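Chemist: Structure incoming, see below.
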Amino acid sequence: MSAHGLLRFTTAGSVDDGKSTLIGRLLYDTKQVLEDQLVQVAEASRRRSSDGGLDLALITDGLRAEREQGITIDVAYRYFATDRRRFIIADVPGHKQYTRNMVTGASTADLSIVLIDARKGVLEQSKRHAYISALLGIPHLVVCVNKMDLVGYSEETFTRIVAEIREFLAPLPVREVSAIPISALNGDNVVDRSVEMPWYGGPTLLEHLETVDLEADHPADTPTRFPVQWVIRPGAAVSWGDGVSLPDAADARPVDADYRGYAGQLASGVLRTGDEVLVLPGGQLTRIAAIDTYDGERDEASAPLSVTVRLEDDLDVSRGDLICVPDDAPVVARELDATICWMSERPLCVGDRLVIKHTTRTAQAIVVALEERVNVETLAGERDVVAFGLNDIGRVRLRTSAPLMCDPYRRTRATGGFVLIDEADNRTVAAGMIEDAR
Amino acid sequence: MSSAIDHAPLTHLNALESEAIHIMREVAAELERPVLLFSGGKDSIVLLRLAEKAFRPARFPFPLMHVDTGDNFCEVIAFRDRRVAELGERLIVASVQESIDRGRVVEDRGPRASRNRLQITTLLDAIADHRFDAAFGGARRDEERARAKERVFSFRDDFGQWDPKSQRPELWNLYNGRVRPGEHVRVFPLSNWTELDVWEYIAQEQLEVPSIYFAHERPVFARDGMLYAWREGTELLDGERVETATVRYRTVGDMRCTGGVRSLATTLDEVVTEIAATRVTERGETRADDRVSEAAMEDRKKAGYF
């Protein structure tokens, strides 16, 4: 969920497909690599390569353990800006833990770059990446066919690869698919237009990133969803236990003891003062009395703003409740059909109990059924699954200890996504996307 | 009550601010005993404004804590106390000098000594003494390559260690802050901010910052390509000499490992312009602690550093 001046995108790929070089090229050609970083990269290039040329891939070099093992361990976040937009890159490594990292990086992205080596064509990993981008509801997908310099900048090769990935993507819900022929190593069509590929008339990658239409990703008819995060009551006592007490000055500060505001971040849609709203799961109807912020009252707030809402009626509303519009409410449900990505070495079986975290609500969940596992290469569903293993993706049915206010993930990411946590070690073990709930 | 702000398109600062407020409220709601680490530096100044935005008109549901090396710029300590008094919030000062006096740590000697590394013990002791289970910090992912990989909710075991190889996946805005007794999370609401974002936000909010962030004259000496503040008692190496220069600071830390930069920027707008045009990273330009090795920050983070 971004403002239109901020684009979050994700890139994933394996060690050899040029992902690090591509990101290095984007940062270098947009002059985001500062002098001290360049000195480090130049030194490392001299140490590690035979020809000693500047190795742009080293710009994104990470932890020492990674340098020692020649791998990348985890998602890295990188930042750059041009005159037109700010960018946040979730840079996802492509080897083991691939799905886990990919899903993590994709969960907040507006756009996904699928990198394909022109010599190798569409590999299983390209498909996996495209599938996960679609599954996580990323609206924009850019297929970058890289290493065009190694296939003689052949239009025919590019066209063939793009046709193949488009065919794979056809049944998947991606709003917009673009394809760009590039050479990250030489800089063709990354920031600067390639002179080697006059047959390509589209934008460079950076031009595309700068101009992709984010407004259309947040249509005006998205339902209003305001999960209550925290209740602001200045009159309530604040205590941090022994040894930490408030200074006298704070006690002297005048407070409005009757103030009661519901703080949260609008997950989708718009709230307006005077609107009739429904509070779930209780089902009470009331109106918005005021929308408060530190900077003063507003008469309207839209996602993704963090605000504090006061209600006309004195209701018992607490964290985990959801404020929405009465004529377009989510389903209040304790049984969910969802697609999950399983991210733990421990297998997932029917009957397992986990903690489910959904919006600001936390409950227990029991796995009622493992419906099917998705073969990511063919998109076929495999039935009669006994357990999900690490990096498996599939459909499950869950029953929860408390009602959740659910939307299908494809309609609203924020009220359709959840995580599962294993209470034994407090690890996050799955990402889930609600398909249906009752 | 209607105002122009209601219908203005969201800026990237609005988006970053709302994300950070959401993070702070999640911590308040899900953890028992949070604390906010306040150094008087620009990033933690922004954290305090975000806490006001998240929790006013009520008090902060956590105290503030400063890890004081005893070697801070006096302008920063004066600012710290003034800001805390204005807010009417509680400040805990965890003192590195006390850790030294109690024999918890041994101070390095010599002209290159700094108390930077000693802060780790003081910080972890204070977290344990107060049984804090969450500590807000102002670190940003754009600062340094180890930080680029750190989660917003960064889990620490009961030794305070960060394990980059087994971080919890962090999806959407669903943060997992579950800890057992003795463990804690470091929480970084400014993870997605850049140095320029921080300065633009300070300018937008008209926040006061310590005077050392603006160009001023002070006696300095050059060492390893950086300009360090000289004061009575500072030990110099052969060939080093003290000069008066017009400098400002890009980061606020221990005096003995934080360098100034030559600058004529005396207003917030001039600082923003300077940062937007800079060609050197903030840690590369000003922090000796990161120059020790290629993985200096990574090593300190694993041991429990901020």
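Chemist: Apply the Debye scattering formula to region B:208-290, with a single equal point scatterer on each alpha-carbon and no solvent, then give log10 I(q)/I(0) at q = 0.16, 0.19, 0.26 Å⁻¹.
Modeler: -0.59, -0.82, -1.41
Chemist: Another one. Which ³J(HN,Hα) values in Hz, rounded to whole numbers, follow from the phi angles of region A:317-324 under the Karplus curve 6.51 cos²θ - 1.76 cosθ + 1.60, where θ = phi - 60° and Gly and Pro get x?
Modeler: 10, 9, 3, x, 6, 10, 9, 8
Chemist: Where both residues lie in region A:69-166, what percent of DSSP beta bridges are antiparallel, nearest 5? Show your work: numbers first, answer last.
Modeler: Values: 6 of 13 bridges.
DSSP beta bridges in region A:69-166 are roughly 45 percent antiparallel.
Chemist: Buried by at least 30 Å² relative to the chain on its own: which residues of region B:84-124 qualify, computing accessible area with a 1.4 Å probe on protein heavy atoms?
Modeler: When all protein chains are present, B:G88, B:R90 each give up 30 Å² or more of accessible surface.
Chemist: When the dipole is taken about the Cα centre of the protein assembly as shown, and only Lys, Arg (+1) and Asp, Glu (-1) are charged at their Cβ, what size is it in debye, to the nearest 20? Walk me through the numbers before you get to the answer.
Modeler: Numbers: 93 positive and 120 negative charges, 258 e Å.
Computed charge dipole of the protein assembly as shown: roughly 1240 debye.
Chemist: Jot down the per residue volume, in cubic angstrom and as a whole number, of the convex hull over the alpha-carbon atoms of the protein assembly as shown.
Modeler: Each residue corresponds to 164 Å³ of Cα convex hull volume.
Chemist: What residues in region A:272-314 lose 30 Å² or more of accessible surface when the other protein chains are added to their chain alone (1.4 Å probe)?
Modeler: Those residues are A:Y294, A:D295, A:E297, A:R298, A:D299, A:E300, A:P304, A:L305, A:S306.
Chemist: Ok, one more. Shielding by partners for A:425-435, please: the mean number of other protein chain Cβ atoms within 10 Å of each residue's Cβ.
Modeler: On the way: counts 2, 8, 7, 10, 3, 2, 4, 1, 0, 0, 0.
The shielding value for this peptide is 3.
Chemist: If you take every residue apart from A:D188 with its C-beta less than 15 Å away from the C-beta of A:D188, what net charge results, scoring Lys and Arg +1 and Asp and Glu -1?
Modeler: Details: positive: A:R25, A:K147, A:R193; negative: A:D29, A:D117, A:D149, A:E155, A:D192, A:E196, A:E207.
Here the count lands on -4.
Chemist: I'd like the FRET efficiency for A:K120 and A:E215, computed as 1/(1 + (r/R0)^6) with the beta carbon distance as r and R0 of 35 Å, rounded to 0.05.
Modeler: On the way: r = 36 Å, r/R0 = 1.03.
It comes out at approximately 0.45.
Chemist: Using a Gaussian network model of chain A with C-alpha springs under 10 Å, which one of A:N426, A:N101, A:N391 is most mobile by mean-square fluctuation?
Modeler: Checking each option, the largest mean-square fluctuation is seen for A:N426.
Chemist: Among A:L266, A:L54, A:L141, which one shows the highest mean-square fluctuation when chain A is modelled as a Gaussian network with alpha-carbon springs under 10 Å?
Modeler: Highest fluctuation of the listed residues: A:L54.
Chemist: Do any chymotrypsin sites (Phe, Trp or Tyr not before Pro) in region B:113-200 lie in a loop, going by DSSP, with at most 16 other beta-carbon atoms within 10 Å of their beta carbon, and if so which? Present the calculation step by step, with values, prior to reporting the outcome.
Modeler: Details: sites: B:F132, B:F136, B:F153, B:F155, B:F159, B:W162, B:W172, B:Y175, B:W193, B:W199; in loops: B:F132, B:F159, B:W162, B:W172, B:Y175, B:W193.
Here the chymotrypsin sites (Phe, Trp or Tyr not before Pro) that fit, given the DSSP loop and packing criteria, are B:F159.
Chemist: Next question. Which percent, to the nearest 5, of DSSP beta bridges fully inside chain B are antiparallel? Walk me through the intermediate numbers first.
Modeler: Values: 20 of 33 bridges.
Around 60 percent antiparallel, to the nearest 5.
Chemist: Mind checking how much accessible area B and A bury in total, 1.4 Å probe, in Å² rounded to 100? Before the final figure, lay out each step's value.
Modeler: Numbers: alone 15090 and 21070 Å², together 28570 Å².
Interface area, both chains combined: 7600 Å², rounded to the nearest 100.
Chemist: I've got another one for you. Apply the Karplus parameterisation 6.51 cos²θ - 1.76 cosθ + 1.60, with θ equal to phi minus 60°, to every residue of region A:397-414 and state each ³J(HN,Hα) to the nearest whole Hz, in sequence, with x for glycine and proline.
Modeler: The phi angles translate into 10, 10, 10, 10, 6, 9, x, 10, 9, 10, 10, x, 4, 5, 8, 9, 4, 5 Hz.
Chemist: Mind checking region A:267-364 for trypsin sites (Lys or Arg not before Pro) that DSSP puts in a loop (not H, G, I, E or B) and that have at most 15 other Cβ atoms within 10 Å?
Modeler: Working: sites: A:R272, A:R287, A:R298, A:R310, A:R319, A:R334, A:R353, A:K357, A:R361; in loops: A:R319.
Counting only loop positions with at most 15 other Cβ atoms within 10 Å, none of the trypsin sites (Lys or Arg not before Pro) in region A:267-364 qualifies.
Chemist: Next question, about the same structure. How about A:K120: which lysines have a C-alpha closer than 26 Å to its C-alpha, ignoring those fewer than 8 places off in the same chain?
Modeler: Straight-line reach from A:K120, under 26 Å: A:K19, A:K96, A:K147.
Chemist: Solvent-accessible area per residue for region B:208-290 at a 1.4 Å probe radius, Å²?
Modeler: On the way: 3710 Å² over 83 residues.
Each residue of region B:208-290 exposes 45 Å² on average to a 1.4 Å probe.
Chemist: Let me ask you something else. Which is the longest part of chain A that has none of the GluC sites (Glu not before Pro) sitting in a DSSP loop with at most 14 other Cβ atoms within 10 Å?
Modeler: Working: sites that count: A:E312, A:E345, A:E377, A:E423.
Answer - A:1-311.
Chemist: Tell me the net charge near A:S178. Cut-off is 12 Å between Cβ atoms, A:S178 excluded, with +1 for each Lys or Arg and -1 for each Asp or Glu.
Modeler: Numbers: positive: A:R166, A:R175; negative: A:E176, A:E207, A:D213.
That works out to -1.
Chemist: Two decimals is fine: what's Rg over Rh for chain B, C-alpha atoms, Kirkwood radius as Rh?
Modeler: Values: Rg = 19.3 Å, Rh = 20.2 Å.
Reported Rg/Rh (Cα atoms, Kirkwood Rh): 0.95.
Chemist: Also, I was wondering about something else. Mind checking which aspartates and glutamates have their Cα closer than 14 Å to the Cα of A:K357? Skip sequence neighbours fewer than 8 apart in that chain.
Modeler: Here the aspartates and glutamates satisfying the reach criterion relative to A:K357 are A:D321, A:D422, A:E423, B:E26, B:E30, B:E170.
Chemist: Using a 1.4 Å probe on the protein chains only, how many percent of the accessible area of the protein assembly as shown belongs to carbon and sulfur?
Modeler: Carbon plus sulfur share of accessible area: 48 percent.
Chemist: I would also like to ask the following. If I build a Gaussian network model for chain A, linking alpha-carbon pairs within less than 10 angstrom, which residue out of A:A134, A:A338, A:A380 has the largest mean-square fluctuation?
Modeler: Highest fluctuation among the options: A:A380.
Chemist: How many Å² of accessible area per residue for region B:84-133, probe 1.4 Å?
Modeler: Values: 2540 Å² over 50 residues.
That works out to 51 Å² for each residue.
Chemist: What lysines sit close enough to B:K53 to cross-link, taking a C-alpha to C-alpha distance under 22 Å and skipping anything fewer than 8 places away on the same chain?
Modeler: Filter leaves B:K42.
Chemist: Roll a 1.4 Å probe over the protein chains and send me the accessible area per residue for region A:6-217 in Å².
Modeler: Numbers: 8070 Å² over 212 residues.
Solvent-accessible surface per residue comes out at 38 Å².
Chemist: Enumerate the calculated ³J(HN,Hα) couplings along region B:146-163 in order (Karplus 6.51 cos²θ - 1.76 cosθ + 1.60, θ = phi - 60°), each rounded to whole Hz, writing x wherever the residue is Gly or Pro.
Modeler: 5, 5, 4, 9, 8, 5, 5, 9, 10, 6, 10, 6, 6, 9, x, 7, 9, 10
Chemist: If you take every DSSP beta bridge fully contained in the protein assembly as shown, what fraction is antiparallel? Give it as a percent rounded to 5. Could you put the intermediate results ahead of the total?
Modeler: Numbers: 98 of 136 bridges.
If I count the DSSP bridges inside the protein assembly as shown, around 70 percent turn out antiparallel.
Chemist: Treating only the Cα positions of region A:6-217 as identical point scatterers, give the base-10 log of I(q)/I(0) from the Debye formula at each q in 0.18 Å⁻¹.
Modeler: For the requested q values the scattering log ratios are -1.41.
Chemist: Expressed in nm², what is the orientationally averaged projection area of the convex hull enclosing the Cα positions of chain A? Don't skip to the end; give the middle numbers.
Modeler: On the way: hull surface 102.4 nm².
Averaging across all directions leaves 25.6 nm² for the Cα convex hull.
The values are calculated or read from the model by the stated rules, or taken from the named source; none is laboratory data. Being a predicted model, the structure only gives us computed values, none of them experimental. Cβ atoms come from the backbone with ideal geometry, glycine included; neighbour counts cover every protein chain shown. Accessible surface areas use protein heavy atoms only, side chains included; no ligands, DNA or RNA. Shrake-Rupley method; radii C 1.70, N 1.55, O 1.52, S 1.80 Å.
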